[in-house]
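Everything below concerns the one structure shown next.
The values are calculated or read from the model by the stated rules, or taken from the named source; none is laboratory data. Bear in mind that the values here come from a model prediction, so they are computed numbers and not experimental data. Please note: Cβ atoms are built from the backbone with ideal geometry, for glycine as well, and neighbour counts cover all protein chains shown. Accessible surface areas use protein heavy atoms only, side chains included; no ligands, DNA or RNA. Shrake-Rupley method; radii C 1.70, N 1.55, O 1.52, S 1.80 Å.
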Amino acid sequence: MRRRTPPPPAPLPQREGVDPVRVRLPVGGAWATVREHLVERLTGAGPGVVEEMFHAGLVIGADGRPVAPDAPYEPGMFVWFHRELPAEVPVPFPVEVVYRDAHIVVADKPHFLATTPRGTHVAETALARLRRELGIPTLTAAHRLDRLTAGLVLFTVRPEERGAYQTLFRDRLVRKEYEAIAPYDPSLDLPRTVRSRIVKERGVLAAREVEGEPNAETYVEPAGHRDRLGRYRLVPATGQTHQLRVHLNALGVPILGDPLYPEVTGPVPAGHFRRPLQLLARRLEFTDPVTGAEHAFVSGRVLQAWSSYDSWAGEG
């Protein structure tokens, strides 16, 4: 099988820790110029925006020079540009660095902060912040945590080593342990392993369980309770979208602060950082594929509903 030729290096620097957008012009099509293709492709940018980018010299070719508005279309050609950064409300919680060496950075991400740029969360992400704060422009995420979930995330320093660390997650060679706070149900038979088939449809906020061969597996055990609150230790064997949230909800103990399970609630206004989802990626354990070191990392965060329920549930 022929190896795919890697793209040339970006001719533009990062902006606020965010990479420039790279576009490869597809084979085929009836576009006469690069500009015509991008106008059609980037319809979400708004009327006249792409034309303005070309006239301002903001669309850059692999040679580092601006692409002319009338430059002919060339299949396979790469171009770069910076997206207009959205106005983002800063997430007022720090990203704590748990470990750092020449190969990896392990960070303890707060609730409400996305792991990597996506949608309306771009510069206010753990990746962009760490690139800025640590001065490591090559930093990339080996995996992701949901924006609403706090806890440990592994980042890689060297682009040529990223695949080795991602393979750990693909091959399930990383032991991940989570903690959740949810209602306490004394009749719930725990510990147990929950297996089901979970599907997440594009454009639908919540995932759901369906009939069929299981593709999601979570070990659930109690880790204490007080009054009506339960503390749960969760060890996933798979990584389906919203898996832990779906499985605890299916057991009748949905995680506190969950805006999707058991039912989808209205959108939370920007800048609302109250009642975070009480789910934490507590532990990460793996054998380093580059150095051979045995790593075991533990989050220093405490879920607020467990330490002070009134503070978590309060309005101020």
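Here is a list: 137, 117. Which entry is within 20 Å of the chain's Cα centre (by Cα), open to solvent by less than 60 Å² (accessible area, probe 1.4 Å) and closer than 24 Å to residue 20 by Cβ? Testing whether each residue is within 20 Å of the chain's Cα centre (by Cα), open to solvent by less than 60 Å² (accessible area, probe 1.4 Å) and closer than 24 Å to residue 20 by Cβ leaves just 117. Tallying residues that are farther than 26 Å from residue 163 by Cβ and open to solvent by 20 Å² or more (accessible area, probe 1.4 Å) within segment 272-311 yields 16. Residues in segment 97-114 that are of a type in the set (A, V, I, L, M, F, W, C) and either closer than 15 Å to residue 148 by Cα or without any contact (Cβ under 8 Å) to a residue 12 or more places away in the chain (or both) were compared, and the one that is surrounded by the most Cβ atoms within 10 Å (Cβ to Cβ) is 113.
Does residue 142 fit the bill of being farther than 17 Å from residue 246 by Cβ, touching a Pro at 6+ places or on another chain (Cβ under 6 Å) and at pLDDT 95 or above? No: the conditions fail for residue 142. Within segment 144-159, the set of residues being surrounded by fewer than 20 Cβ atoms within 10 Å (Cβ to Cβ) and within 22 Å of residue 290 (Cα to Cα) comprises 144, 157, 158, 159. Taken together, the residues in segment 13-38 that are open to solvent by 70 Å² or more (accessible area, probe 1.4 Å), more than 12 Å from residue 73 (Cβ to Cβ) and either assigned to a strand (DSSP E or B) or not acidic (Asp, Glu) (or both) amount to 4. The single residue among 86, 94 that is open to solvent by 40 Å² or more (accessible area, probe 1.4 Å), within 24 Å of residue 273 (Cα to Cα) and touching a His at 6+ places or on another chain (Cβ under 9 Å) turns out to be 86. Identify all residues within segment 175-234 that are buried (at least 19 other Cβ atoms within 10 Å of the Cβ) and assigned to a loop (DSSP other than H, G, I, E, B); write none if there are none. The answer is 207, and nothing else.
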